[in-house]
Amino acid sequence: MMKNLLTNNGVSIAIDKQEPCISHKSIAQSLGVDNRSMYRLIIEYQNDIEAFGIMRFQNAVIKGKGQPERIAYLNENQCYFVLTLTRNTAKAVQAKSALVMAFSKAREALTHRQTQYLPMYHHAHDSIKSVATMAHTNGSTTPEHIFHMSYEKLINQVFGIDAGTRDRLSVAQQCAISTAYTTIDHALDDATRQGLDHKQTYQLAKQRLNTIASAMGVKQIGVNQ
């Protein structure tokens with residue numbers, strides 16, 4: 001499912017797994033051509049298009065009876081390849097410029113969002129790795145990636161963030177997550193100095209995250225959940 005629709009100069013860009021992409025309908029609309037013709041063109045050259053990545057397809061949501069419309073989504077390079085297959089009318093030249101600008105703005109937006117809390121993300125996950133190593137030394141058989149996942153889920157729970165929506169957070173939510181990573185990093189360091197086991201460490205981090213969330217006005221979850 002495509003998420004996080006971004007619009008620039010009338011061009012709609014979707015986000016799929018942190019990659020900007022565009023529907024064949026948006027390309028057709030920008031070029032002023034029939035979207036069914038655009039879809040047929042894309043299918044005709046699908047093998048060539050997929051030299052730039054796997055094609056994405058999605059069924060449009062429909063109301064009532066009828067078959068759902070099939071929508072093709074193209075990444076940036078796939079879109080540019082398709083543009084080379086169209087005629088350079090005056091409108092098409094303007095549309096192509098708008099498409100290039102739309103992808104550029106989408107990349108900038110993604111980069112901005114991804115770098116908001118990246119430094120503290122790495123610090124926190126380095127500390128989580130240390131906790132996992134300590135737990136394994138003490139006999140735990142839980143894979144390391146489960147430790148990392150548990151703390152990420154904890155952040156989402158405490159701050160009311162739905163899974164899979166990190167790519168469309170508000171600035172306030174990004175700041176909250178950055179604070180959460182800092183809080184986890186410090187809590188895990190303190191837990192290590194206190195000689196707590198990995199379960200006690202998790203509870204300490206959870207308590208501190210709830211305290212921070214409460215101060216920010218976010219509804220708390222129970223510390224024993």
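Share of carbon and sulfur in the accessible area of the chain stands at 52%, probe radius 1.4 Å.
Close amide-amide hydrogen proximity is noted between Ile71 and Gln58, Asn59, Ala60, each under 5 Å apart and 5 or more residues distant or on a separate chain (H modeled in the peptide plane; Pro and chain starts excluded). Shown are Val93, Val131, whose ranking by accessible area with a 1.4 Å probe and every protein chain present, most to least, is Val93, Val131.
Pairs of alpha-carbon atoms within less than 8 angstrom and 6+ residues apart define the contacts here; what relative contact order does the chain have, in percent? Write out the running numbers ahead of the final one.
Working: 242 pairs, mean separation 37.9, N = 225.
17 percent.
The listed residues Lys105, Lys199, Lys206, once ranked by accessible area (1.4 Å probe) with the largest placed first, stand as Lys199, Lys105, Lys206. Note on percent of Cα pairs over 25 Å apart: of the candidates (i) 38; (ii) 54; (iii) 58, the value calculated from this structure sits at (ii).
Only protein heavy atoms count here; on that basis, with a 1.4 Å probe, Asp34 has an accessible area of about 60 Å².
Estimated at the nearest 10 Å², the accessible area of Glu44 is 130 Å² with a 1.4 Å probe.
Taking every protein chain into account, the accessible area of the chain amounts to 57 square angstrom per residue (probe 1.4 Å). With the helix formula -39500 (n - 2.57) applied to DSSP H stretches of n ≥ 4, the chain reaches a computed 222 nm mean residue ellipticity of -19500 deg cm²/dmol. Residues whose amide H falls under 5 Å from that of Ile13, counting only those 5 or more places apart or on a different chain, are Leu6, Thr7, Asn8, with hydrogens built in the peptide plane. Using a simple spin-label model with pseudo-atoms 7 Å out from Cα toward Cβ, Gln207 and Gln94 lie 6.4 nm apart.
Annotation: Met101 carries an accessible surface of approximately 90 Å², with a 1.4 Å probe and no ligand, DNA or RNA atoms counted.
How big is the charge dipole of the chain about its Cα centre, in debye rounded to the nearest 20, if each Lys and Arg gets +1 on its Cβ and each Asp and Glu gets -1 on its Cβ? Walk me through the numbers on the way to the answer.
Details: 24 positive and 18 negative charges, 167 e Å.
Using only the charged Cβ atoms, the result is roughly 800 debye.
Backbone geometry of the stretch 148-156 corresponds, through the Karplus equation with coefficients 6.51, -1.76 and 1.60 at θ = phi - 60°, to 3J(HN,Hα) couplings of 4, 4, 4, 6, 5, 5, 4, 4, 4 Hz, x marking Gly and Pro.
The values are calculated or read from the model by the stated rules, or taken from the named source; none is laboratory data. Being a predicted model, the structure only gives us computed values, none of them experimental. Backbone-built Cβ (ideal geometry, glycine too); neighbour counts: all protein chains shown. Note: areas computed on protein heavy atoms with side chains; ligands, DNA, RNA excluded. Shrake-Rupley method; radii C 1.70, N 1.55, O 1.52, S 1.80 Å.
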